[in-house]
Amino acid sequence: MKKGKKTYSKSVNIGCLAMISIGMIGSIIPFPSFATDVNTTSERTKVIGTFEATIVDVRVPAMTTFIYNSNTATMVSQNIPIDNQTNAPIYAKMKEINVSDTSSWKPSLVSPDTHSAEGWNNLTQSQSSEKVALGLFALEGDNWLYDVETTPIWSVYSGDKTKIGTIKNHGLVEAKPTLKAGTSLPTEQVLTTNYIFEFGLEEGTIETDDSKEFTIDINKDVQVNSNGSFSFDNSSWTYNGDRAKVLTSDGAFFVGGKGVSGNYSHPLTETTATFELDVKAMGNDGYRGFNSMMLIRTGNTGLSLSFYPDRVELYDDIFASPIVTHKLTGNQYHTYRIVKDENKGTLYIDGQLIKTFNLRNGSGFGQYLFNFGDGTSNGGSLADTYYKNIRIAPGKALYLN
């Protein structure tokens, strides 16, 4: 506790001014001033404060309904409002989805990937009555503190995949049921289910050291020669390009310049992996609209990041529109972590969650590789770009909590 200080002081000034005038002669006779000593004392007051625990108060409706039209394989459902009345940000999880004991129809709840879209539409009468895939789809909105983390969430999901997202202090968000089902139902069926949510105070980012999981590390694989040239101890790294390889004094791989190209690749064998790297993209000759790239492809699915001096763009197909366009502070390094978990992707920039997204089949172009550098083959990058601290955790989905 800080000490309070009481100061007691007493001071007396005694003085007299006299002037005696005789003709032209004047005299001032001063008398001295005296002050007593200043006395101080210190006393302590304990101030004890009690911080009351935050009460989690989230409102969801007791019941909602949907209609599934098997003739058109379409679903019409009411939105489920999730109203955070808590004076703090709250995480929302889909803890469980189950068939109610009171339901007159009790199919098994299965994964939506049990059948393809065509497969679901070609289930027989008995198959259609035996199984259904049920899930929850979170709707985008301004009251999510971060981007929605997982959508849709299916009844078979567990662990990290059950977190919907984080709702702002006194924020209202919405979600809606979703399903996949057969289309051969001879009579009307009524399915009663329980959607069990979990809410709690958002813990925020917890720093974890997962360095040992990154078994592919370009810093450990590169070998710098006495003449400044370099090669890779790990022969899995390859370089393709029409310009000399450049490694800067701080260990960054430089790619850039008009009319030249160059990129580095490493093969992949896992469909799930985590990738991390630091990238700085700078303007070159005024060409701020051109970019360098990073590619991840694992067979059926893939993604790419395009690095600009003032932003980064994320695609699941290099010819499609970007899934994410994120503005950045230019001319400085930013750390990117990309988690590719089968057909789901998650992007973090500088430790912050930017987006969780689904990847389309075919976006991997049948290739298995990680690639960074110039994204073009006929002209080269026009943004000077530096890559360093590139590492990969094969088979690991390392999310930041």
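Here are the numbers for this structure:
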{"read-out": "Förster radius 56 Å - calculated FRET efficiency between D209 and A62 (Cβ-Cβ, nearest 0.05)", "value": "0.80"}
{"read-out": "Enclosed volume per residue, in Å³, of the convex hull spanned by Cα atoms of segment 58-201", "value": "107"}
{"read-out": "Net charge dipole size for segment 211-394 [Lys, Arg +1 and Asp, Glu -1 on Cβ; Debye, nearest 20]", "value": "180"}
{"read-out": "Residue-by-residue Karplus 3J(HN,Hα) for segment 113-130, coefficients 6.51, -1.76, 1.60, Hz, glycine and proline x", "value": "8, 4, 9, 6, 4, 5, x, 4, 6, 10, 6, 6, 4, 5, 5, 5, 7, 8"}
{"read-out": "Sequence ranges 75-88, 40-53, ranked by mean other-Cβ count within 10 angstrom, highest first", "value": "75-88, 40-53"}
{"read-out": "Segment 211-394: relative contact order as a whole-number percent, Cα under 8 Å and 6+ apart", "value": "33"}
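Every number here is computed from the coordinates shown, using simple stated rules; none is lab data. Remember, predicted model here, so these are calculated numbers, not experimental data. Glycine gets a Cβ as well: all are built from the backbone with ideal geometry, and neighbour counts include every protein chain shown.
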